[in-house]
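What follows is calculated from the coordinates using simple rules that are stated; it is not laboratory data. These numbers were taken from a predicted model, which means no experiment stands behind them. Methodologically, a virtual Cβ is constructed for each residue, glycine included, from the backbone with ideal geometry; neighbour enumeration extends over all protein chains shown.
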Amino acid sequence: MTVYAHRFTGKIALVTGGSRGIGAAIVRRLAKEGAAVAFTYSAAADQAQALARDIAAEGGRALAIKADSKVIQDIEQAVVTTVEHFGALNILVNNAGVLGMGTVDEFSVEALDDMYAINVRATYVAAKAASGYLKRGDRIISIGSVSGQRAGFAGASAYSMTKAAIGGMIRGLALDFAARGITVNNIQPGPTATDMNPADAPYIDQVIGLVPLGRLGTPDEIASLAAYLASDEASFVTGASLTADGGFLA
Ligand SMILES: NC(=O)c1ccc[n+]([C@@H]2O[C@H](COP(=O)([O-])OP(=O)(O)OC[C@H]3O[C@@H](n4cnc5c(N)ncnc54)[C@H](OP(=O)(O)O)[C@@H]3O)[C@@H](O)[C@H]2O)c1
């Protein structure tokens, strides 16, 4: 049985892309530790509503918000809705992301623009929209990727570019928010078993071959690092890109 601390009682969180995968694990973890958690989704409405119901059934507070990270106004409205519903915003987790693969000859500039909008621009927009609500001790956490440091495969240039951009952005944001005592950090997961990277994919043995620990990560293992960064225990950590990758970058 896992025993959870209650580090986030009285805190309000917003997690983008919380309906599935790593985002859903972060939503559950923050809620288990006492936060009221709003989260966005763009397509998986049934999964989003089920997650909100599960958390309520366990005595937690959660709110599913339909908001497409490709649309600037949707992100801004998600921040406003969170504050209107729960009364504040203390922890912003920029998790929503998509994976588009293809070599430079195959992958279109339009597809690159779409992926950039979701993986990169949305993170900036959310930080900008949240800025006026965040206070001393609050947190911004973004989910980048080891792909920002190591492409690993042919066909990863566009995705790797978006994740490298997160590392640069959070260093700048960390300085922008430092004077107000708000920390900004980046989590770089390695290959993690989700719909984005299914454990039964035909290529998965090749992926696992790049992971010294010899397995995929779980969404809960990434959520643990998010919970640490969101907690008071990480009060002196800012501008950092931390990996949870089974040694992929070692
Ligand atoms: N899995 C890995 O191996 C891995 C490794 C490194 C980094 N990451 C990063 O971790 C994050 C989560 O990935 P995951 O593996 O959990 O992926 P996933 O299982 O595909 O889940 C993606 C989540 O993002 C949401 N999302 C996608 N497009 C969206 C949009 N336009 N607007 C709002 N929400 C959107 C999805 O919601 P809807 O379905 O409702 O749209 C879903 O909740 C991503 O940033 C990804 O790049 C993943």
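When a/c reaches 1.5 or more, the comparison of a/b and b/c decides; with that in mind, is the stretch 1-123 rounded, prolate or oblate per its Cα gyration tensor?
Because a/c hits 1.5 or more and a/b exceeds b/c, the stretch 1-123 counts as prolate.
For the chain, what are the DSSP H helices with axial Cα length of 27 Å or more and mean Kyte-Doolittle hydropathy of at least -0.5?
157-178
Extension gain ASP46-TYR4, at 0.36 nm per residue separation less the Cα-Cα distance, in nm?
12.4 nm is the gain from fully extending ASP46 to TYR4.
Take the alpha-carbon centre of the stretch 181-250, take the same for the stretch 1-24, and report the distance between them in whole Å.
16 Å
For every helix of n ≥ 4 consecutive DSSP H residues, a contribution of -39,500 (n - 2.57) applies; sum these over the chain, divide by its total residues, and give [θ] at 222 nm rounded to the nearest 500 deg cm²/dmol.
On the way: 8 runs with 97 residues, N = 250.
Mean residue ellipticity at 222 nm (helix-derived): -12000 deg cm²/dmol.
How large is the convex hull of the Cα atoms of the stretch 12-244 per residue, expressed in Å³ as a whole number?
Numbers: hull volume 27.5 nm³, N = 233.
Output value, Cα hull per residue: 118 Å³.
How about the stretch 169-249: which chymotrypsin sites (Phe, Trp or Tyr not before Pro) there are in a DSSP loop, with at most 13 other Cβ atoms within 10 Å of their Cβ?
Values: sites: PHE177, TYR203, TYR228, PHE236, PHE248; in loops: TYR203, PHE236, PHE248.
For chymotrypsin sites (Phe, Trp or Tyr not before Pro) across the stretch 169-249 that sit outside H, G, I, E and B with at most 13 neighbouring Cβ atoms in 10 Å, the list reads TYR203, PHE236.
So how do GLU33, GLU76 line up by other beta-carbon neighbours within 10 Å, fewest first? Could the numbers behind the result be given before it?
Details: GLU33 19, GLU76 16.
Result, fewest neighbours first: GLU76, GLU33.
What FRET efficiency would be calculated for the residue pair PHE236, ASP105, taking the C-beta separation as r and a Förster radius of 51 Å, to the nearest 0.05? Before the final figure, lay out each step's value.
Details: r = 46 Å, r/R0 = 0.90.
Once the sixth-power term is evaluated, E becomes 0.65.
What does the charge add up to near LYS32, with Lys and Arg as +1, Asp and Glu as -1, over the other residues with Cβ less than 12 Å from its Cβ?
On the way: positive: ARG7, ARG28, ARG29, ARG61; negative: GLU33, ASP54, GLU58, ASP220.
Result for the neighbourhood of LYS32: 0.
Starting with the fewest neighbours, write out THR192, THR218 ranked by other beta-carbon atoms found within 10 Å of each beta-carbon.
On the way: THR192 23, THR218 15.
Starting with the residue having the fewest Cβ neighbours, the order is THR218, THR192.
Determine which lysines satisfy two conditions relative to LYS66: a Cα distance under 20 Å, and not lying fewer than 8 residues away in the same chain.
LYS128
If you keep only loop residues by DSSP, which trypsin sites (Lys or Arg not before Pro) in the stretch 170-245 have at most 16 other Cβ atoms within 10 Å of their Cβ? Spell out each step's value before the answer.
Numbers: sites: ARG171, ARG180, ARG215; in loops: ARG180, ARG215.
Within the stretch 170-245, the qualifying trypsin sites (Lys or Arg not before Pro) (loop, at most 16 other Cβ atoms within 10 Å) are ARG180, ARG215.
Nearest 5 is fine: what % of DSSP beta bridges in the chain come out antiparallel, could you say? The partial results should precede the final answer.
Details: 1 of 28 bridges.
Here the antiparallel bridges make up roughly 5 percent for the chain.
Quote the relative contact order of the stretch 12-244 in percent (integer), defining contacts as alpha-carbon pairs under 8 Å separated by 6+ residues. Don't skip to the answer; put the middle values down first.
Details: 450 pairs, mean separation 47.7, N = 233.
Dividing the mean separation by the residue count of the stretch 12-244 yields 20 percent.
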